[in-house]
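Chemist: Encoded as structure tokens, here's the structure I'll be asking about.
The values are calculated or read from the model by the stated rules, or taken from the named source; none is laboratory data. Please read these numbers as outputs of a predicted model, since none were measured by experiment. With ideal geometry, Cβ positions are generated from the backbone for all residues, glycine too; neighbour counts draw on all protein chains shown.
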Amino acid sequence: MTSSEVKRVAVLGGGGVIGSSWATNFLWKGLSVNVFDVDSASLKNAQSRIGGNLKYLADKGILTSDEVLRALSFATYTSDMEEAVHDVSFIQEASPEKYEIKQALVAYCDKYAPPDTIFASSTSGLLITEIARHSSHPERYVGAHPYNPPHLIPLVEISKGEHTSEEAVSRAREFYRSLGKEPIVLNKEALGFVANRLSVALYREAIDLVMRGVCSVEDIDRAVSYGPGLRYALMGPNLIYHLGGGQYGISGILQHIGPSVEHWWADMADWKTWPEHWGVIAEDGVKEAMKNRLPEQGQTMEDIIRWRDDGLLDLLKILKKV
């Protein structure tokens, strides 16, 4: 399944940040999109967010004004589930992260969508087996976890449930590839998938360093963004270590630093519950760090998001993704 084979998709939960970003991505790539949400206020949010996203791409020279108008003309907004899914070959679900909500949408899709339509959930960590537990077509349900914002960040993590067919996985993977995404497929279900597990492993150590008084919240973010984060934008940890090993490669550098790393691991965090008051400590630290940012990098949420997206576009150009 490629974008040329898929003519119309549905986005369920299009009024949210993730859903509207997915819809932006599909419209940008020339697909017709049925944008579903539960009420007129949510659909108004969807229109505003999608329009803003496309205008931003035009402002950055990625799309022309005519292309934006053409993309907007491909969108249909509805709070009628039957209208949303009856004529689509791919469904991107981006509803709230609760099994009961997603299972209710599954029931509607079983009733109204064509039986061979792929249903891809944007869940951040719920199990597809549970989402599709009561479906009459569990073979077509896959997880398709994006990174925010999905219309800019290429990663899509595809996960399978107990009854997901290999055909559904293959069709989803090829569909995302045809849109310029970078899908990876999990060989087995795992809570949190791959990227989120890596992220929270780093974040646990970041929290622990602050709580132990080693450094500040601001220093954590500076350490990541001005150190390993720069390399992570271009390559993953295995390739980074391989290059670091020079002529000896990854096996050589691991032999070299291995004994030291084992000492670090013995001293690193392994707790399983959030430290008390961390939310307040983190928020205070982030707000202070925002005040210290250069004005051109943004000091408000809105300005920092725009600065972030500008940076993402620059990286995507380097990676030949736009």
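Chemist: Kindly indicate whether any position in the stretch 39-54 is of a type outside the set (S, T, N, Q), at positive phi and in the same structural domain as His163 (by TED's automatic domain parsing). Even if it seems obvious, please write down each step before you answer.
Modeler: Initially, the stretch 39-54 is screened for residues of a type outside the set (S, T, N, Q), giving 39, 41, 43-44, 46, 49-52, 54.
Imposing the further condition that a residue be at positive phi reduces the set to none.
No, the stretch 39-54 contains no residue that is of a type outside the set (S, T, N, Q), at positive phi and in the same structural domain as His163 (by TED's automatic domain parsing).
Chemist: Counting residues that are more than 20 Å from the chain's Cα centre (by Cα), which helices (runs of 4 or more DSSP H) fully inside the stretch 1-97 reach at least 1? I'd like the intermediate steps shown before the answer.
Modeler: Values: elements: 17-28, 40-59, 65-73, 81-85.
Here the list reads 40-59, 65-73, 81-85.
Chemist: Residues to consider are Leu198, Leu209; find the one that is in a helix (DSSP H, G or I), aliphatic (A, V, I, L, M) and either in the same structural domain as Tyr99 (by TED's automatic domain parsing) or under 23 Å from the mean Cα position of the chain (by Cα) (or both). So that I can check it myself, show each step before the final result.
Modeler: On the way: Leu209 fails: either in the same structural domain as Tyr99 (by TED's automatic domain parsing) or under 23 Å from the mean Cα position of the chain (by Cα) (or both).
Being in a helix (DSSP H, G or I), aliphatic (A, V, I, L, M) and either in the same structural domain as Tyr99 (by TED's automatic domain parsing) or under 23 Å from the mean Cα position of the chain (by Cα) (or both) holds for just one of Leu198, Leu209, which is Leu198.
Chemist: Look through the stretch 118-144, keep the residues that are under 17 Å from Thr2 (Cα atoms) and either within 14 Å of the chain's Cα centre (by Cα) or in contact (Cβ under 8 Å) with a residue 60 or more places away in the chain (or both), and return whichever of them is surrounded by the fewest Cβ atoms within 10 Å (Cβ to Cβ). Before you say what the answer is, go through the steps one by one.
Modeler: To start, the set of residues in the stretch 118-144 that are under 17 Å from Thr2 (Cα atoms) comprises 118-120, 140, 142, 144.
Then drop every residue that is not either within 14 Å of the chain's Cα centre (by Cα) or in contact (Cβ under 8 Å) with a residue 60 or more places away in the chain (or both), which leaves 118, 120, 144.
Working: Ile118: 23, Ala120: 28, Ala144: 27.
Among those residues, the one meeting the criterion is Ile118.
Chemist: Here's something else I'd like to know. Which of the residues that make up the stretch 238-289 are among the hydrophobic types (A, V, I, L, M, F, W, C) and not in a helix (DSSP H, G or I)?
Modeler: Looking only at the stretch 238-289, we keep the residues that are among the hydrophobic types (A, V, I, L, M, F, W, C), and these are 239-240, 243, 250, 253-254, 257, 261, 264-266, 268-269, 271, 274, 278, 280-282, 286, 289.
Listed by number, the residues that qualify are Met268, Ala269, Trp271, Trp274.
Chemist: Please verify whether Lys321 is farther than 19 Å from Leu198 by Cβ, outside any helix (DSSP H, G or I) and of a type in the set (Lys, Arg), treating the condition exactly as stated. Before the answer, list the steps.
Modeler: Details: farther than 19 Å from Leu198 by Cβ: yes; outside any helix (DSSP H, G or I): yes; of a type in the set (Lys, Arg): yes.
Taking the combined requirement at face value, the residue satisfies it.
Chemist: Please list, ordered by first then second residue, the pairs with beta carbon atoms under 8 Å, 6 or more apart or interchain, first in the stretch 50-67 and surrounded by fewer than 16 Cβ atoms within 10 Å (Cβ to Cβ), second among the acidic types (Asp, Glu).
Modeler: Going by the 8 Å Cβ cut-off, the qualifying pairs are Lys60/Asp310.
Chemist: Which condition number does Ala190 fail, the rest of (1) in a helix (DSSP H, G or I); (2) of a type in the set (Gly, Ala, Ser); (3) more than 21 Å from Gly19 (Cβ to Cβ) being met?
Modeler: Going through the list (1) in a helix (DSSP H, G or I); (2) of a type in the set (Gly, Ala, Ser); (3) more than 21 Å from Gly19 (Cβ to Cβ), Ala190 breaks only (1).
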